[in-house]
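What follows is one structure encoded as structure tokens, with my remarks underneath.
The values are calculated or read from the model by the stated rules, or taken from the named source; none is laboratory data. From a predicted model like this one, the values you see are computed outputs, not experimental measurements. Here the Cβ is made from the backbone with ideal geometry for all residues, glycine too, and neighbour counts use every protein chain on show.
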Amino acid sequence: MIDLIVFVTLLALGYGFGRMAETGHYRSIHRREKAFRNILLIAARFPPPDLVPRKTQLVAGSAVISVDYFKRFVAGLRNIFGGRVRSYESLLDRARREAILRMKSQARALGADMVFNIKLETASISKGRRNAIGAVEVLAYGTACVPQKHEA
Amino acid sequence: MLVSNLEIVPGRRVLKHLGLVQGSTVRAKHVGRDLMAGLKNIFGGELRGYTELLNESREESLSRMLEEARAVGANAVLNVRFSTSSVAQGAAELFAYGTAVVLEGE
Amino acid sequence: MQYENPEIPEGINVTPEHHLKEFAVLVGGALALILAIVLLLGWLAESIAAHIPFSYEQEIAGDLGGDTPVDATQVAIERALQTLADGLVAHMQLPSEMRIHVHYVDDADTVNAFATLGGNVIVFRGLLEQMPSENALAMVMAHEITHVQHRDPIVSLGRGVVVGLALAAIAGVSGGDLTDSVFGSAGTLTALSFNRAQESAADASAVATLAAYYGHVNGAAAVFDLFARLEAEQPLQPPAFMASHPDSGDRSTSIAAQAHAHGWPLTGELTPVPEALRLQ
């Protein structure tokens, strides 16, 4: 009985705070994505030959986003039936966009307006083992090109 | 829609770069498959259930990436890369990303 | 060459569905799965367990009476309970190899009695303290002895082991410690309790025994009234007897119906609790 109460409380707390954190995070992601729109992300490996940047530099950004109790429980149940683990999708989406935004803010600090050859690495600290912290880590990196005309 | 992990498509010029497009998915197999995979671990051999899982995930992440590419008005995705990670035990996370471009000609 | 970063619409990499909806579907599915496993495997285990010979059951149980009570009053209580049990058994047509051993546990907080493997019936001090008459005590004892007669402990053990293993396998595969605990407790809940059909059968047989032993069934319903009262007094900590014996409310009415059908008198002189068992 007590176990059940603790379990339901944790589930409700996980759901409430998880939702709050997620909507808040998405709001901030949308705001910053708008602000950083003028920095172009290009996944192509080579910048065009006619582009002669003043400076090129590696920029990187990473983010680690944790699961909440509710998401983990739902994912555990989903593992029984199989199919799309929806509760983790938003987690990965958030982590990836956050990492890209952090990389962009580094590029902005350099005065760059383009980032080439973007690569994304996903890792999960703990690999979802039992009783371990469940979190997604995303690392985004690329080469920022600072254009000639700007004097940083 | 042309999908390639080449940088350039021979004979066709890239008119426009539209930036990064990505698709990702997390999928799991039902308990029966997991149990069978556990048994297979004793005898060895291919884990068909999990191969199937990876294929499904790859297709889904690719189609999501293509959906993004279509939404930005591209006609090809170049330099496509896949990456996998395991967020949860028994679930596969597949991530596909590439550059959305507009190629000349059809 | 042109470079551009058009805005990508939301919701391509995230399924736009409400989490609570998925949660409800999954929890419903999991419960249905647990139910199916419990019913199917439970039925399978039951049909096998009933064929295990009683002597083997006694071997599993080992010698519960090995720890001889040091206290003289405890010896007296156990002897009095055994006398009552033997008196009831005389009216119950037990197979000859089936011997009932009554044990007493000096625990005033536990209002309970239960039957376990090898014909052992365990009575707690808390139950004895609450008994208004010997008839009520006899009702509880006859109920537990019937469980032994029907092989319910070994059947429940078999069911519990099989169902527990199946649920643990599923929970283990799903990989979460959370689902593990949920499936685990669902398994234990089903493991140690006798099911509803077993309980009603035990009730019916106990009432019949009471009618044969005393000539009337007065005092039998008092047991369930007592448990219902105790449950109402402590809703958060119901007596252990209640936890393993569901739906006690209807049980006293079904006793009356049964007595009416067989023509057993519902009234009669209540026998007081024997001296040795009068605690408090």
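Of all residues in the stretch C:143-163, those that are closer than 12 Å to C:E57 by Cβ have Cβ atoms under 6 Å from Cβ atoms of residues that are not hydrophobic (A, V, I, L, M, F, W, C), 6 or more apart or on another chain, in C:V148/C:G119; C:D152/C:Q198; C:P153/C:T116; C:I154/C:E57; C:V155/C:E46.
Just one of the listed residues (B:L94, B:L78, B:L15, B:L20) is away from chain C (no Cβ under 11 Å), assigned to a strand (DSSP E or B), touching a residue at least 40 places away in the same chain (Cβ under 8 Å) and closer than 17 Å to C:E4 by Cα, and it is B:L78. Sub-9 Å Cβ pairs linking a first residue in the stretch A:10-27 that is within 12 Å of another protein chain (Cβ to nearest Cβ) to a second residue that is outside any helix (DSSP H, G or I), at least 6 apart or interchain, are A:G14/A:V67; A:G14/A:D68; A:Y15/A:D68; A:G18/A:V67; A:G18/A:D68; A:R19/A:D68; A:E22/A:D68; A:Y26/C:E10, ordered by first then second residue. Inside the stretch A:51-71, residues that are assigned to a loop (DSSP other than H, G, I, E, B), away from chain B (no Cβ under 12 Å) and closer than 30 Å to C:V27 by Cα make up a count of 1.
The set of residues from the stretch A:48-93 being under 18 Å from A:L110 (Cα atoms) and either buried (at least 21 other Cβ atoms within 10 Å of the Cβ) or touching a Cys at 6+ places or on another chain (Cβ under 9 Å) (or both) comprises A:L51, A:P53, A:R54, A:K55, A:T56, A:Q57, A:V59.
Annotation for the stretch A:9-19: no member residue is hydrophobic (A, V, I, L, M, F, W, C) and under 26 Å from B:V80 (Cα atoms).
For the stretch B:23-62, the set of residues classified as touching a strand residue (DSSP E or B) at 6+ places or on another chain (Cβ under 7 Å), free of Cβ contacts under 8 Å to residues at least 60 places away in the same chain and of a type outside the set (A, V, I, L, M, F, W, C) consists of B:E56, B:S57, B:R58, B:E60, B:S61, listed by residue number.
If you take the residues in the stretch A:11-45 that are assigned to a loop (DSSP other than H, G, I, E, B) and more than 19 Å from the chain's Cα centre (by Cα), which one is surrounded by the most Cβ atoms within 10 Å (Cβ to Cβ)?
From the stretch A:11-45, those assigned to a loop (DSSP other than H, G, I, E, B) are A:36-39, A:42-45; that's our starting set.
Filter again for more than 19 Å from the chain's Cα centre (by Cα), leaving A:38, A:44-45.
On the way: A:N38: 10, A:A44: 22, A:R45: 14.
Across the stretch A:11-45, the extreme among qualifying residues is A:A44.
Return a yes/no flag: does the stretch C:121-141 have any residue that is farther than 23 Å from C:Y214 by Cβ and touching a His at 6+ places or on another chain (Cβ under 6 Å).
Looking for residues that are farther than 23 Å from C:Y214 by Cβ and touching a His at 6+ places or on another chain (Cβ under 6 Å), one finds at least one in the stretch C:121-141, hence yes.
Of all the residues in the stretch B:43-86, those that are touching a Leu at 6+ places or on another chain (Cβ under 9 Å), of a type outside the set (A, V, I, L, M, F, W, C) and over 20 Å from C:T15 (Cβ atoms) number 5.
Taken over the stretch C:1-26, residues that are within 40 Å of the chain's Cα centre (by Cα) and either among the aromatic types (F, W, Y) or at the interface with chain A (Cβ under 7 Å from one of its Cβ atoms) (or both) amount to 4.
The single condition among (1) at pLDDT below 85; (2) in a strand (DSSP E or B) that C:L165 does not meet is (2). Looking across the stretch C:42-65, not a single residue is modelled with pLDDT of 80 or more, in contact with a Lys or Arg (Cβ under 8 Å, 6 or more places away or on another chain) and either exposed (fewer than 14 other Cβ atoms within 10 Å of the Cβ) or of a type in the set (S, T, Y) (or both).
B:V72 meets all of the listed conditions (1) facing chain C (nearest Cβ under 9 Å); (2) surrounded by fewer than 17 Cβ atoms within 10 Å (Cβ to Cβ) but one, namely (2).
Of the residues making up the stretch C:74-117, just one is under 19 Å from C:G62 (Cα atoms), in contact with a strand residue (DSSP E or B) (Cβ under 8 Å, 6 or more places away or on another chain) and part of a loop (DSSP other than H, G, I, E, B), namely C:I100. Of all residues in the stretch A:37-50, those that are within 11 Å of A:M114 (Cα to Cα) and within 12 Å of chain B (Cβ to nearest Cβ) total 7. The single condition among (1) more than 10 Å from chain C (Cβ to nearest Cβ); (2) free of Cβ contacts under 8 Å to residues at least 24 places away in the same chain; (3) within 20 Å of B:V3 (Cβ to Cβ) that B:S86 does not meet is (3). Checking the structure you have, find out if any residue of the stretch B:90-100 is over 18 Å from the mean Cα position of the chain (by Cα), modelled with pLDDT under 90 and crowded, with 19+ Cβ neighbours inside 10 Å. Scanning the stretch B:90-100, I find at least one residue that is over 18 Å from the mean Cα position of the chain (by Cα), modelled with pLDDT under 90 and crowded, with 19+ Cβ neighbours inside 10 Å, so the answer is yes. Checked against (1) more than 10 Å from chain A (Cβ to nearest Cβ); (2) farther than 30 Å from A:L11 by Cβ, C:L31 passes all but condition (2).
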